[in-house]
Each structure stands twice: as structure tokens, then as C-alpha cells.
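The values are calculated or read from the model by the stated rules, or taken from the named source; none is laboratory data. Keep in mind it's a predicted model, so treat the numbers as computed, not measured. All Cβ positions, even for glycine, are placed from backbone atoms using ideal geometry, and neighbour counts span all protein chains on display. In case anyone asks, the SASA skips ligands and DNA or RNA and just uses the protein heavy atoms, side chains included. Shrake-Rupley method; radii C 1.70, N 1.55, O 1.52, S 1.80 Å.
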Protein chains: 2
Amino acid sequence: MNLTKKSFINGQWQATTGETFSNHNPVTNESITQYASATKTDAANAVIGARASFSAFKKLSGQERAAFLEQIAIEIEALGDDLLNTANDETGLGLVRLTGERGRTCNQIRAFANMLKDGSWVRATIDTADANRTPPKPDLRRMLRPIGPVLVFPASNFPLAFGVLGGDTASALAAGNPVVIKAHPAHPATSELCMIAAARALEKCNIASNTIAMVQGSTIELAQTLVANEDIQAVGFTGSLMAGRSIMDLAATRTTPIPVYAEMGSTNPVFITPDALAARGNEIANGLASSIAMGTGQFCTSPGVIVTLENSQFQKQLTDAINNAAQGYLLHPSIASGLKASVDSLLKNEKVEILAGTNLSEDSLKTPNSLITTSAQAFLTDNTLHVEAFGPISLLVNCKDEQELLAVANAIHGNLTATIHCQDNDALATPLAQLLEDHVGRLIINGYPTGVEVCASQQHSGPYPACSSPATTSVGSDAISRFARFIAYQDMPQNMLPIELQDKNSLQILRQINNDYQRSDI
Amino acid sequence: MNLTKKSFINGQWQATTGETFSNHNPVTNESITQYASATKTDAANAVIGARASFSAFKKLSGQERAAFLEQIAIEIEALGDDLLNTANDETGLGLVRLTGERGRTCNQIRAFANMLKDGSWVRATIDTADANRTPPKPDLRRMLRPIGPVLVFPASNFPLAFGVLGGDTASALAAGNPVVIKAHPAHPATSELCMIAAARALEKCNIASNTIAMVQGSTIELAQTLVANEDIQAVGFTGSLMAGRSIMDLAATRTTPIPVYAEMGSTNPVFITPDALAARGNEIANGLASSIAMGTGQFCTSPGVIVTLENSQFQKQLTDAINNAAQGYLLHPSIASGLKASVDSLLKNEKVEILAGTNLSEDSLKTPNSLITTSAQAFLTDNTLHVEAFGPISLLVNCKDEQELLAVANAIHGNLTATIHCQDNDALATPLAQLLEDHVGRLIINGYPTGVEVCASQQHSGPYPACSSPATTSVGSDAISRFARFIAYQDMPQNMLPIELQDKNSLQILRQINNDYQRSDI
């Protein structure tokens, strides 16, 4: 498919600048082609369009928004092999992984459509009037409503599932908001294809073309001008701590501060109890190596820290497994230079030893899987050892005894996940869980943190620095709540109320009425 | 009752400083007595104690936390007339109002206790495993869990309901969090009495005395050191925009930024359609005057802006009603000086005319009810006219026509509430509502914004500058969600899961299981 290599703003593919940036093939380690960078004016126009589209878009019924989301999924699939090949050129992730990721992307869009068709997600809550009370009790009805234009920063490591039409965009649209997407500069062609799919869906569903805009560009200034735009009501972001924190800081200093939902990754520590190590050490070593190498370690939930009692047999098993794991390509030269800086910093630490890998190439993005090790005492006293190194590397933390294992559990920073490998009735399991849950969004027993199920009970979040907003999730059904807010309607006549709050429960949704959950009419 | 005039830290009434501040009787306009200011070390110790208490407090069952909250309500009531008289001395609000407020305070504490006994508030969500799927689907279970020490800044205008044991403290405790309260310096005696009640409840329920701390003091530095303390996980605040924004800004610059739930007030515009004005002008004028004068205008939801088509009869009716409304006392000299500064600034504006009041006394806190007026054109072009003046004053905005009325609706800033007075099948009602809902937390039809019902469907919030966090509410059941976050447990054995997530639904709570809401066992 011929691409414009431009931005999609107010329904037009536009490029008002001579500035360009290029995408990159990780396998050949060569630039592919040039894309036009949007200007600050382009960015402002995208937001003006999104703002203008809001009053119409928010009036669509849940059924209409569901049909729109389903059309987006259909249009993504209709792009066929073009999308997969383009994404593979820009990411080197391979067609098997990308085919799976496309399925996941369409599934999560359809899951939001199903939520809209069900309708109960708005959490309708009604307290009926009581004129005889002193003072008289008003009729009060509350539900989640959209907030206005949402700014989305897709991630580099999931070009589809966290891409232009990934979870943030899908959930923001599902809630009824226009979206402005600042495409990730690592995969502008994949981004343009996704925007083409979205534009087709907008047209087929008769939705104004300014409801979704996509801005291409690689400069920090472009990102900043979008975050600072006072018509943007919230930001969704997936990426590095440095970039995420800078967006948080900028959003906090606006005239009108807005919420930033930034998922910034973590080290996802895996704790192995002595009983589990004795019973399943080799199996766990193999499972960990495969989890560390998966996606060339470029997952937010990659296990970057492993904590056990010191055990030379397990250490050898894990080292062997890491050495034997398949090697992949880093996504982009900037990720390679980031990983190199992280590894250099870790290896300068005299308390850290190399067990496998770490010899990063200067010429290729193909990357060895690495294992380094340190003592619990070093880990407990040196915060630099808690920092994520984004790539296929893990730090084995050796503890002297169970007390030290628990001390490490108590000392971990905010993380997306923690994992406990334990045996049945393992005396350490519950104390570990009690400590770890205070620091994570998801606690896994006898599994591996990679693989983030998309479902209602998923919590892809965690205390800072893993995320900016630990109470919310960026994966799973409840991601929609980030882009909605409650509005209460007091003594509003039936004909003015949203359908979800009228006496007659036409949609048959679950509602809380006078503190009782029910699907009845009033 | 003899008061210590000290802070309650780690179970002890402590004063390590020679610094003092004094409370003030608004009716006599005289200082009452001296209270010891806590030091930064006292504040740090309060947080250390709260942090230490968390692991035990979070393990209490919902039933146990409910019993604790109920005991707090009992202890508040057991303070008897001492509490009412003390609060009246410090606020001048009168015993009738304060008796009502005490009832509201105990009712809302008991409402949180009832939520805990019901148990469904944790929003338990379960997706069961499917080993046959490729890849195998894990078992994932998610619920709201406490976050750790919460810092509460009570308000001056509700010494009980938004006081030391007001909604923020009650909801933070209900969610399972220790609380550190920075008592409002306008009513330290009322605060100490409330803390005495809380300490008695802690003791009777065998809960560690460091679970709740109360720090007395009047300096900005004391507030800042608490907000900056890295062990504080969230802040609840009710007060002025200036103070709230400074807390938001400080929280955003911490090493670990935290959410600030600040309710900072608003002008609560009231729109009157021409049809409503013709049919009920005098009745609405009287209703507005009474709402403006209520609590000497010191309510977050006081109607500070009134928008109609220009109508000399209504203007006279409203002026007369305001002149006839009962006068009350401002709470504190600092509120009087704040109101005076706001009024001076408004009256300096040549587009503003006085209709009633505005002659504030220098010697007394007794305060006239005031009405000023301006044109829609002035209001639309001058942001200073949108700023809240905290006290019994309202700005009548005169519009030339319906288009201007709608333009004003589109231009209002973030507000807690907006109100529409309209007639049945009033053609202006729906367009007004569609515009206003984007700017407010609660939309009222044919009523008055003062009077905030405490119930599940209340939304006491709104876009900035009304609140820092428009998606959440500080009044009503859902206030508890501010101080909880979701945690997901993956493949966790039954004996390690919280009771709310176990297969057997022992508490009979509502749970979402594989996308279906039910109360069954698994």
C-alpha cells in the first residue's frame, strides 16, 4: 500500500513542514524511509478538531460506539499482510508474534465493544427522592460519562496492541472521547496503516473525521506541545520512566492539571522460596530464561530481578538456560543505546558479577540474553540496582537466609508485578505475599510475569515508578474508567436523563438503586 | 472537658515546641486560647507510626473495620454537648446547624460501616483459568485493597462533617488505611475532641493507637512537610484553590508523586431560562437568596453566579430577597479578609455594579449578604469574574438573548455544580444541560446547589479548578475508592486469597465472574 508519510489531522493527510524523521529496520539495522514531522501548529489543529468533535461523539449511544469499534477491528484485519509485513520491517518482532499481537489488538477492541453493548460499565447508581424526609431527599442519579479529547502516546514494544489503535485509544474511544494520537516514531508506517483503518471506520460509521487524529514526529517539543494543550483532558502513555515522568511533570504544571495514565515498566521481581528451589529449581530456571528472552526482553513485565537463597546449583541452571535461550533483535538503536547505558552502569558496580551475556554488539541489534548477580545486602542498600534495564537481562539477588529474602520483598520499589514460586503450604508464601502486594499491581503464584491476560480482572499497573496512577489499569476492561468521570444528575426529568439512568431500564444494565444492585425498572 | 491543646502522635498527646497558635470566636471576634504547634519532627513521627500500623490494620476484616467505624460514631455522640458547644465557640455556626452536622458526620461514618458489612464495594472481579486454551488462560482475581498512610486536611467550613473525623478520614479508614490528620487551625478544640473520640474507639477495638494521628499547627511548613513525606500515599483536602493547588504542586514534585484529592470550591452557576423566569421568577429569587445566605455563604456549593436574560423585575426581586435574608458570621478573620479582597477586586471592575450588600465590616465577622451584577459580554471576556468569592455574595450575569445564555454555559470553568431552572418541555433545557455537564460534577434541575446529599449516587467533584480529581468524589459512598487501588492475584491458591476472592463467596458479595455479575460460589 502506498503511504502518505504524513499526519492525519481533521480528516486530511497533512504535512506542513520540511522536517523529517526515519523509521528503522532492526534486523538489517538500516534506516527505511523518511516521514514528515508535524509542526506545533499541526498539533494544535489536531486538538481543535478533537475538541470540536466531542459534543457529537459523546451523544452516540453505547450501541453506536460499539459498532464503530467493531468496524475498526474489521478494518485492521482488512489491512491483511500489509500490516504484518510493515510492522515486521519496523520492529523485527517476527510474523508469528505480530499475527498474535494483531489478534490481541482486535480482541481487546471487540472486548470494549462488548462492554458497551452490555452497558453496565457506566456504573449507574440511583437514589430516589423522598419528599417526606426533613429536609426532602432529592432524586440523584450518577454514571460515568466521557471527559473530552484524550492524548495517547503508543509504545514501541507493542506496535499494534499498544499502538495507534491499541488499548489506550480503544478505551478512550469506548468511553466516548475524541483521541489525538502522537504516533511512536519507531514505527510510523505501521501507525499510518492503523490510522487508515481508523479513518475508514470513521467514514463507514458516519462519525466526524476529526474525532481521531494522528500526529507523526520524533521531537520532544511536539510531545510537549500536545501535553500542554489546555483542551486535552487526559493522557495515556506507555514507555520509559524518563519520558513518562516528564509528561507527568508537564501535565502537573498546566493551568489546568490533568491526569496522566503512564505505564512506565518495572523489574517484576520473582521470589523463589527454598522449598520451591529444592523441588523445581531447574524447571523454574528454564521458565525464567524463556520469560526473560521473550520479545528480546522488551516487555513491561519482563522478569528483571530474581530473588532466592544463594544456591550454586540453581545459579548454574539459570545461567545455562539463559545462555541457551533464543536471541532476538532490539526494536530500535535508541533502545540498544539505552540498554547499553543500563548494563554499563550495572557492571561498573563492584557488587555486581556477570553470569551470562552482557556483551552487547555495536553493529547489530541482535542481542545476547544476560544474567548478572549481586547480594541481597547490596540490593538493599543501593537503589541503582532497582532500576529497570529494558532488554533481555535479569539480576539474580542472592540472600543469606529467609529473613533477607523477606527484607528484599519489603524493599522493592513500585512494580507492575511480583511473582512467588512456592510449594503447597509453604510457610514463606503468605508473609511474602503480604509484603509484596503493597508494591505491585499483580501478584503471580508459580508463574511468570510475561503474558498479560486481557480480561476484566487484569490489573496492569502498580505503584510509582511502575505507573503514574496505581489505582487504574491500562490493560483489561477497566482501562475504560481512566477516560470517564462520574456526573450526578439531581431531580432531572426522565426525558433529559441519559438512557442508562431513566426509570425504565431499557438496556437491562446492572444498576445500584437505593443501595441495592438490580436490573429492574424503577 | 479539659483539653491538652496538643497533637496526638503515636498514641500520646505531645507538644515538643514552644510555638503556639490560637483559635478564635467569630461572634465575639476575639481569640480564645493558645494551642501548641507541632514540629516537623512531630509530623515525621506521626507518619512513621502510621506506616508501622499499616500491615496490621490492612489485615482487619471488613466486619472488624465496620465495628471500629461504628465505635467512632458512638464516641462522637458520647462527647455530647461539649462537642457542640466547643464547635460553636470556634465557628459561630449555631447549635442547630452543628447538631445537624454532627448527625450527618455520624451518619456518613455509619454508611461506610454498612458498606464494609455489605462488602461489595471492593469490586471483586474473577476470571477463571482455562488450561485448554492456547496459551493457557491463568486464573486472575482482582479487588480494591488499601494503599497505606493517607494524609487528611479537614475544612474550616464544616468543623465536623469535613473535620478530623469527616468524610475523608472515614473513607480512608474504611478502605483500610492509617490516617494522619493535619487539623484545621480554625478549630483546634473541636479537633482535639474528635481525636479523643477516635482514640477511645481505637482502644476499645484493640487497634494500634498509631493508626490515627492528629497534628495541630497553623504554618504552611507543617502542611508541606507532611505532603512531602514519602510514606504518605494520598492526600485528601477540602479548602481554597490556592492552598489546594499548592498541595497538588508539591505532591507532583515528590520523588514518588501521589494523588491529591482536593475539593477547592466553585461558583456553582445557576441558569434560569426565560420561561422559568416568567413563571417562577419571584419564587426562584427567594430560593436563591436563601441558598446564598445559608451558612453565611461558606459552602463549596454556594450559588456564586446567576445567569438569566436581563429582567429588571427579577433583578429587583432578587435584590430584595438578598436584602431580607438573615445575616450570619464568617468563620474566621482570615475568611473575612479573603472575602474582602475578592469583593474589592470585583468592585474595582468597571463592568460590575452593586445591587445589595458588599459593605463588609472591619470590626465584626457579621456579614451582609451581597449581590452584584455584570453583563454576559463582560463575563465572557474577563476570567476574573469567574473566580469564587467565598462568602454570601453572588454575581448576576445579564444576557441579551438565549444565544448569550448558551455562550455563558459553554464558557463556565470547572465547577462542583451547575443548576438549570426551566419549565416542562423547555426548549433551552437540554441544550443547556449538554453544555453544562462538561464543566461540572453535579447538574441540578429546578433546585439549589447547597445541600449535598450523602448517598451512593452523589458526585461532589468537578473539573479543575473545582477539584483536582474530577473522576472521584469526596462525598458519598464512592469516596472510599480514592483511598484504595486494585490488586490482581494470578493463580493464587485459595488459602492465600482474600476472602472476597475465594471460590466460596462466604460474604455473599456481588462479584463479576467471567464477565457475569453474581453472588454465587465458584
Residues of the range A:417-430 satisfying the condition of being at the interface with chain B (Cβ under 10 Å from one of its Cβ atoms) and not β-branched (Val, Ile, Thr): A:422, A:424, A:425, A:426, A:429
Residues of the range B:294-348 classified as closer than 16 Å to residue B:368 by Cβ, crowded, with 20+ Cβ neighbours inside 10 Å and β-branched (Val, Ile, Thr), total: 4
In the range B:209-251, the residues that are of a type in the set (A, V, I, L, M), in a helix (DSSP H, G or I) and closer than 18 Å to residue B:472 by Cα: B:241, B:247, B:248, B:251
One residue from A:263, A:310, A:283 being touching a Cys at 6+ places or on another chain (Cβ under 6 Å) and of a type in the set (D, E, K, R): A:263
Filtered residues of the range A:451-461 (kept if under 14 Å from residue A:418 (Cβ atoms) and within 7 Å of chain B (Cβ to nearest Cβ)): A:459
Leading residue by the ranking (nearest to the chain's Cα centre (by Cα)) among those in the range A:257-268 that are among the hydrophobic types (A, V, I, L, M, F, W, C) and open to solvent by 10 Å² or more (accessible area, probe 1.4 Å): A:260
Residue within the range A:230-252 that is within 14 Å of chain B (Cβ to nearest Cβ), modelled with pLDDT of 95 or more and over 30 Å from residue A:50 (Cα atoms) present: no
Boolean, residue B:472 is assigned to a loop (DSSP other than H, G, I, E, B), closer than 24 Å to residue A:516 by Cβ and more than 7 Å from chain A (Cβ to nearest Cβ): yes
Enumeration of residues in the range B:394-413 that are of a type in the set (A, V, I, L, M, F, W, C) and within 18 Å of residue B:465 (Cα to Cα): B:408, B:409, B:411, B:412
Restricting the range B:433-445 to residues that are of a type in the set (A, V, I, L, M, F, W, C) and touching a strand residue (DSSP E or B) at 6+ places or on another chain (Cβ under 8 Å), the residue that is farthest from the other protein chains (Cβ to nearest Cβ): B:436
Selection status of residue B:515, within 30 Å of residue A:433 (Cα to Cα) and at the interface with chain A (Cβ under 10 Å from one of its Cβ atoms): yes
Any hit, the range B:416-436, residues being among the hydroxyl-bearing types (Ser, Thr, Tyr), open to solvent by 10 Å² or more (accessible area, probe 1.4 Å) and within 28 Å of residue A:441 (Cα to Cα): no
In the range B:349-365, the residues that are surrounded by fewer than 18 Cβ atoms within 10 Å (Cβ to Cβ) and in contact (Cβ under 8 Å) with a residue 60 or more places away in the chain: B:363, B:364
Residue A:227 among the aliphatic types (A, V, I, L, M) and open to solvent by less than 10 Å² (accessible area, probe 1.4 Å): yes
Every residue from the range A:483-496 that is more than 7 Å from chain B (Cβ to nearest Cβ) and open to solvent by 10 Å² or more (accessible area, probe 1.4 Å): A:494, A:495
Residue match in the range A:92-106 (condition: surrounded by fewer than 24 Cβ atoms within 10 Å (Cβ to Cβ), of a type in the set (Val, Ile, Thr) and within 30 Å of residue A:20 (Cα to Cα)): yes
Residue within the range B:403-413 that is surrounded by fewer than 24 Cβ atoms within 10 Å (Cβ to Cβ), assigned to a loop (DSSP other than H, G, I, E, B), within 10 Å of chain A (Cβ to nearest Cβ) and touching a residue at least 24 places away in the same chain (Cβ under 8 Å) present: yes
Of the criteria (1) over 15 Å from the mean Cα position of the chain (by Cα); (2) farther than 22 Å from residue A:46 by Cβ, which one residue A:226 fails: (2)
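One line per residue, one yes/no per condition, for (1) free of Cβ contacts under 8 Å to residues at least 24 places away in the same chain; (2) more than 21 Å from residue B:332 (Cα to Cα); (3) open to solvent by 10 Å² or more (accessible area, probe 1.4 Å):
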{"residue": "B:199", "(1), (2), (3)": "no, yes, yes"}
{"residue": "B:211", "(1), (2), (3)": "no, yes, no"}
{"residue": "B:217", "(1), (2), (3)": "no, no, no"}
{"residue": "B:242", "(1), (2), (3)": "yes, no, yes"}
{"residue": "B:283", "(1), (2), (3)": "yes, yes, yes"}
{"residue": "B:292", "(1), (2), (3)": "no, no, no"}
Residue identified as without any contact (Cβ under 8 Å) to a residue 60 or more places away in the chain, of a type in the set (S, T, N, Q) and open to solvent by less than 60 Å² (accessible area, probe 1.4 Å) among B:114, B:88: B:88
Which numbered condition residue B:156 fails, given (1) surrounded by 24 or more Cβ atoms within 10 Å (Cβ to Cβ); (2) away from chain A (no Cβ under 13 Å); (3) not in a strand (DSSP E or B): (1)
Residue ID - most open to solvent (accessible area, probe 1.4 Å), chosen from residues in the range B:39-54 that are within 14 Å of another protein chain (Cβ to nearest Cβ) and touching a helix residue (DSSP H, G or I) at 6+ places or on another chain (Cβ under 7 Å): B:52
Qualifying positions in the range B:1-28 - open to solvent by 50 Å² or more (accessible area, probe 1.4 Å), farther than 18 Å from residue B:49 by Cβ and not hydrophobic (A, V, I, L, M, F, W, C): B:2, B:5, B:18, B:19, B:20, B:28
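If you go through the range B:56-81, how many residues are over 30 Å from residue A:434 (Cα atoms) and open to solvent by 60 Å² or more (accessible area, probe 1.4 Å)?
Looking only at that region, the number is 4.
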Checking residue A:271 against (1) under 21 Å from residue A:390 (Cβ atoms); (2) within 14 Å of chain B (Cβ to nearest Cβ); (3) surrounded by 23 or more Cβ atoms within 10 Å (Cβ to Cβ), the condition it does not meet: (1)
Residue identified as of a type outside the set (Lys, Arg) and under 24 Å from residue B:446 (Cβ atoms) among B:317, B:327, B:377: B:317
Among the candidates B:448, B:464, residue that is more than 7 Å from chain A (Cβ to nearest Cβ), open to solvent by 20 Å² or more (accessible area, probe 1.4 Å) and in a loop (DSSP other than H, G, I, E, B): B:448
Those residues of the range B:130-147 which are surrounded by fewer than 18 Cβ atoms within 10 Å (Cβ to Cβ) and under 15 Å from residue B:515 (Cβ atoms), in sequence order: B:130, B:137
Close pairs (9 angstrom Cβ cut-off, 6 or more residues apart or separate chains): assigned to a helix (DSSP H, G or I) in the range B:489-504, at pLDDT below 95 and open to solvent by 60 Å² or more (accessible area, probe 1.4 Å) anywhere: B:495/A:425
